[in-house]
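Notes for the one structure printed next.
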Amino acid sequence: MAKNKQLFENYLTIGTDDILNQLNSNKNGLTSLSAQEKLLKFGPNLLKINKISWLNIFIRQFKSPFIYLLIGAALLAFFLKEFIDGIMIFAFIFINSILGFFQEFHSEKALRVLKKYTTKHANVFRDNKETVISVDQLVPGDIVKLHPGDIVPADLRLIETHNLQIDESILTGESEPSYKSTNALSSKSIPIHKATNIAFASTNITGGHGLGLVFATGTLSYIGSIAKLTVETHSESNFEKGMTKFSTFVLKLVGVTLSLVILANLLIKGDSSSLGDLIIFAIALATAVVPEALPLVITFSLSRGAVKLAKNKVVVKRLSAIEDLGSIQVLCTDKTGTITENKLEVSEIFGDEDEVVSQAIMAISQKNSLKDPFDTAFETFYKKVSNQNKSWSIEQEIPFDPDRKRNSVLIKKDSKNMLIVRGAAESILSHLKNHTDEKLKHWILKQENQGKRVIIIAHKFLPNLKEYSKKTEEGDLYLTGAISLLDPLKKSASEAIKKAQKLGVAIKIITGDSPIVAGSIGFQVGLITTPTDVITAEEFYKLSALEQKRKAASFNIFARFSPHEKFQLINLLKEQFEVGYLGEGINDAPALKSANVALVVQGASDIARESADIILLNKSLRVIIDGIQEGREVFANTTKYVKMTLASNFGNFYAVAIVSLLIDYLPMLPIQILLVNLLSDFPLIAIATDSVDIEEIRTPESYNLKDFAIIATLIGVVSTVFDFIYFSIFYRISPEALQTNWFMGSILTELALLYSLRTKLPFFKTKAPSKTILWMTLTAALITVTVPYTTFGQNLFKFIPPTINQMTVVIVVAILYFIATEITKNIYYQSSRKKIISNKSLI
C-alpha cells in the first residue's frame, strides 16, 4: 500500500518567486478581477462534500435479504388475516431501519461540525492594498496576513515569517507548537510535521506573524481531504456483516427446501393435492422458520446494554456498536488526550530548583500574547513551589525561532542586567563558559530516552543596557540548570490496557508524535518491552504490501502517522481483525469513521464526537473494558436466540414437511403453525435479560455460520426424531388429535430447548436464568396446555381437548427431548473445546 500524495507536497521545494508565478500572483496580491475568475474556477473556500440524500440513506436500510424475509412473513400474516402478527413484524422492520438510518446519518452531521474549524474572515492583499474578505472568497494566489490568535483560513505556502509559531495538534497530535520558516525544503516526501514552510487550514497561530500564499482551498486543502474521508467513508460493522450472512443463509435454505416440499407433494400425491393449499402451507412453514422476532430481540438486548453503559457514563450513539464492541480484536488509539493528558508538565529539574524555575519564568516572552505549552508548564510549576512576587522587568528580548532553537531576554533585577537564554540543549551547551560535565550529559540522555523534552537555562551579566544581538547569546554563558517536561499518562490508562489485554484485545498506539515519545509511552503502559520497538510512517510505507500487513499485526506503536496514514493503517488492520479506534482530535476523524467501532473520550473535538459510535464521558478508560464485556454479553444472548430458533424451527420444519408427504391431510394447519411460532418466540424475546457464563466473554466472538449450522443440524435432527415420535403416537387417532397434540409437543420441546441451548455447559453447571425468562416460559407453557380446552382454541384453531393420557405422553416426550438435546449439545461442545486446545498447542 503506497502512501497517498498530498497537494501540499508540490509546494515544499519551490522558492517563493516560482510559486507566485505558478499561481499567477505577485507580492502585491491578486486583482479583484483575477480573484473573481479564480473563484468561478475553484469554487468557494468551503468544506463542501457530495452529500448523500437522507431519503437514499433511509431506503438503503430495506435492502437486506433478512428484511425481504420479514416483509414476506408480514404479508403472509395479513393474507391469513393474522393482523396483529403482521403489524408486529412490520414494527420490527421499522425499528431496525430507523436505527440503521441514524447510524449512517452521522456522516452528514460530521461535515457540518468540520466547518466550525474554519475562520470567518481573512486579511488579504487585493488590488495593491490590504483588505478584509469573507474566508469563503479566498482563492489560490491570494496573500494572507497571519497574526497570533488567527485560525489559518486555507493551506498556505509561507512567503514571510517573523518567529511564526503554529499549533498543529489537531492534525499531528503533538502538544508543542511548530516553528515555521519560508525556506524551501530539500524533499517532497515528508510527513506534515516536517512541512515547516506550510501553514495548514484550521491550525492556530500561537506566536509571531507572517504572510502566506494560498495554494489550496475547500476540499483541496489538507483538512478538506480529511473531511472527504470522514464523510464518504462507510464501514460495515461486524453486526451488519453477521446479520447479512445469517439472513442470506436462512433465505437460501428455506427457498430450496420449500421448493422441494411442493414438488415432492405434487409428484407423490398427484391430483389429490391442491396447489393453492400447498403454497399456503409452504409459506406458513417458511414463516415458522423465519426468526421474525430477531430485530426485537436485538433491539431489546442493545437498548438494555445501552442503559447499563449509560450508568457508567458511556453514551452509545449507534446501538449495534454495543455488540460490535464485544467483537473487537484490536483496539487502536492516538495517545494524545487518550492515554496522555495532552498538556506538558515539569517532570525533573537539574540544578538549584528555585533558581532554574525562576529564570525559566523570567525568560517568558512578553511579545507573544498567547503562551506556548512550555511557558504554561513553567508557570504552573512556579505557582506550586514559589510565593515570590515579580521583582524584575524585561528590557529587551529576542523571541524564539526554529533556526536558533532558543529565545533570550535581557532583564533588570536588583539593579543588575542579566541575559537569560532558554532553549534546546544543542543550541546552548556549546556556548557555556563553564563546560558541561558528564553528569548533565547523562541526565539529558536519560530524560530524552524517556520521551521527555529538555530545556536548558543559562545566563550571564551584562555591564549596561545597550541593545544586544543574537551574537551576544553565543558566548560566556553560565549554566543555570535544565528542566525536563512530559505529557503525563492518564492515571487509568495502564490498568485499562492490562484489562483489555486479558480480554484478548490487542492495543496499538497510532500517533503523529515522535517515535521516542511514542515508544516511551508504550513502554510505560506495558505495550512494548523496549522503548525502541516503534515503527514510523516513513519506515512503514517503504515496505512491500505483504510486509506492511505483517508489521501492522506485529507492531504495537506507530509514530509520525498523519490522519491519512492512520486511515490507511486502520483499513489494513481491518483486513485481518475487527478493529476499534479510540481517539479525540480532528486528526482521528477519518480513522474513527473507518474503524468497526469508533470510540472517543470526554473533551474530544466536535468532529471526533460526530464520527464516533460511543463516547466515554468518564475519562477513565476502564469503562471501555466494561463496554467490551457488555458487548460480548449482548452478542452471547443474541446468538442464543439464533441457535434456538434455527435448531427448533428447522427440526419442526423438516418433520412437518416430510409428514405432509405421508398423509392425505395437513399435519398442522397454517394458523396453528403461526401460533406455535408466536408462543415459542414469546419467552425468547426476553433472552436479552439472561445471565451469561464467564466462558462466553473471555475472547472476541463473531457470527460463526458454521457453528450455527452444525448445532442447528444436530439439534434439528433430534427435534425431527421427537416430532416423528409425536406423529407415530397420534396420527392413527384422528387428524385433529395429531394437530392438537403435535402443537403442544412442538411448543413444550422448544421451551425445553431454551434451557439447554442458553449455555454451552451442562444445564446444572451454568448460571441460573433470569426471572423474566422463567416467568415468560411458564406463561407460554400454561397457555399451550390450556388453549386446546377453551372454546376460543377449538373454534379458531380447530383444536380438540386432549385426554389426560395424551397430555401425559406429550409432557413425558418433551422431558426425554430435553435430556437428548443436553447429551447432544455437551458432546458437540466438548469436542469443539478439544479441537481448540489441540490447535493452540500446535501454534
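Take Asn21 and Lys252, extend 7 Å from each Cα along the Cα→Cβ direction, and tell me the distance between the two endpoints in nm.
Spacing of the two 7 Å Cα→Cβ label points: 6.4 nm.
Quick one: accessible surface of Val256, probe radius 1.4 Å, all protein chains present, in square angstrom to the nearest 10.
Probe radius 1.4 Å; accessible area of Val256 about 90 Å².
Describe numerically, in nm with one decimal, the distance between label points set 7 Å from Cα along Cα→Cβ at Asn183 and at Tyr828.
If labels sit at Asn183 and Tyr828, their model points lie 7.0 nm apart.
Between Ser430 and Phe83, with labels modelled 7 Å along Cα→Cβ, what's the label distance in nm to one decimal, could you check?
Each label point lies 7 Å from its Cα, and together they span 9.2 nm.
To the nearest 10 Å², what's Ser415's accessible area with a 1.4 Å probe?
In the full protein context, Ser415 sits at about 110 Å².
How do Ser358, Ser259 rank by accessible surface area computed with a 1.4 Å probe, from largest to smallest?
Working: Ser358 10, Ser259 70 Å².
From most exposed to least exposed: Ser259, Ser358.
I need the shape label for the range 439-480. Rule: rounded when a/c is under 1.5, else prolate if a/b > b/c, else oblate, with a, b, c from the alpha carbon gyration tensor. Walk me through the numbers before you get to the answer.
Working: a/c = 3.94, a/b = 2.80, b/c = 1.41.
Taking the square roots of the gyration eigenvalues as a ≥ b ≥ c, the range 439-480 is prolate.
Enter the accessible area of Asp136 (Å², nearest 10), with the probe set to 1.4 Å and all protein chains included.
Answer for Asp136: close to 40 Å² accessible.
Would you mind calculating the gained length between Leu489 and Leu33 on full extension (0.36 nm times residue separation, minus the Cα-Cα distance), in nm to one decimal? If you can, show how the numbers build up before the last one.
Details: separation 456, 0.36 × 456 = 164.16 nm, distance 5.40 nm.
Length difference between fully extended and current span is 158.8 nm.
Multiplying the sequence separation of Glu539 and His147 by 0.36 nm and subtracting their Cα-Cα distance, what value in nm do you get? Write down the numbers at each step before the final one.
Numbers: separation 392, 0.36 × 392 = 141.12 nm, distance 3.60 nm.
Separation in residues times 0.36 nm, less the Cα-Cα distance, equals 137.5 nm.
The values are calculated or read from the model by the stated rules, or taken from the named source; none is laboratory data. In this text the structure is predicted, and so the values were computed from the model without any measurement. Cβ: placed from backbone, ideal geometry, glycine included. Neighbour counts: every protein chain shown. All accessible areas refer to the heavy atoms of the entire protein, side chains included, with ligands and DNA or RNA removed. Shrake-Rupley method; radii C 1.70, N 1.55, O 1.52, S 1.80 Å.
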